[in-house]
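Report on the following structure.
The values are calculated or read from the model by the stated rules, or taken from the named source; none is laboratory data. Note that this is a predicted model, so its numbers are computed, not measured. Cβ placement follows ideal geometry from the backbone for every residue including glycine, while neighbour counts extend to all protein chains displayed. Side chains included, ligands, DNA and RNA excluded: accessible areas come from the protein's heavy atoms. Shrake-Rupley method; radii C 1.70, N 1.55, O 1.52, S 1.80 Å.
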Amino acid sequence: MEQLLDPLYVGLHILNLIAMVIILRLLVYKPMKKFMAKRREAVAEETRAADEALAAAENTNLLIQQEKKDLEQKTRNDCYNILTQAHSKAEEIIAAAHQDAEQITAEARKQAQETVDAAAEQQRQAAAVLAVDIASAVLPKKLTAQEQQDLLEASLEEAKRHEL
């Protein structure tokens, strides 16, 4: 143990330690410090770039959200306009259908009236013919052809007055 505490060994160890610290400082510490500074600058640059990209992404997101709101509003307006136009078209179609129905009804009434008038005229003529037949059966040879014609016309007029 005496040798370990020898001042020469202790001095050599201290010199060795100082030399090693100087060598390590020159060879490792300064390059490591430069490397760490460069790395710190690179990280700072990447952080700044990431912050800029994040800000740009947020701006883009805000723009996209605004465009989405604008498109939704435009879609609502378009839907409202389409529904309004469809409602107008439906009203036009309904009005045209009502008009067509009124025309069809009027035409049907006209045809029905013509049918009624034709039937009434046929009844009058049938009544007149029947009256003539009855008269000719009752008065077989007493009326001339002219008298029969006059009687027929009188019967027709009488039927018209009574609307037979």
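List of remarks:
- Some residue of segment 32-44 being of a type in the set (A, V, I, L, M, F, W, C) and either in contact (Cβ under 8 Å) with a residue 60 or more places away in the chain or open to solvent by 100 Å² or more (accessible area, probe 1.4 Å) (or both): yes
- The set of residues from segment 10-20 being β-branched (V, I, T) and either at pLDDT 90 or above or open to solvent by 100 Å² or more (accessible area, probe 1.4 Å) (or both) comprises I14, I18.
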